[in-house]
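The values are calculated or read from the model by the stated rules, or taken from the named source; none is laboratory data. Owing to the predicted nature of the structure, the values given are computational and were not obtained by experimental measurement. Glycine gets a Cβ as well: all are built from the backbone with ideal geometry, and neighbour counts include every protein chain shown. The area values use the complete protein model at the heavy-atom level, side chains included, leaving out ligands, DNA and RNA. Shrake-Rupley method; radii C 1.70, N 1.55, O 1.52, S 1.80 Å.
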Amino acid sequence: MLQPAFFIFVTLTVILALAIGVLVVLLVTRRSVSDWQLHIERTSREWKRSEASEEEPLPQVQPRNSSLETMILKEAREGSAYLRADELPRFDQSTGSDVK
């Protein structure tokens, strides 16, 4: 009765060890260990500095109440809901024989 539970536990442990190993390899190939240590130190210093310096609070945003019907009437446009290619930003219409 304990054999399936033991098998599941061993399998889970092996999978977690492999996942952690893969993450470590990916992290070390991106930066060396000393670079990671410097990055973590810098980041923690910046967080501590930002917590120590009290920033000016952002102004509060006041919500507006609106019904769905009012919003649709106010913001609606006539026409199809699908975008045509010429309505997309930075669309350069190509002409010539290269368009099939």
Legend entry - Conditions (1) under 27 Å from the mean Cα position of the chain (by Cα); (2) in a helix (DSSP H, G or I): number failed by Ile72: (1)
Inset, instruction - Would you mind finding the one in Trp47, Trp36 that is open to solvent by 100 Å² or more (accessible area, probe 1.4 Å), free of Cβ contacts under 8 Å to residues at least 60 places away in the same chain and among the aromatic types (Phe, Trp, Tyr)? - result: Trp47
Inset, instruction - Please specify each residue of region 12-33 satisfying the condition of being touching a Phe, Trp or Tyr at 6+ places or on another chain (Cβ under 9 Å) and surrounded by 10 or more Cβ atoms within 10 Å (Cβ to Cβ). - result: Leu27, Val28
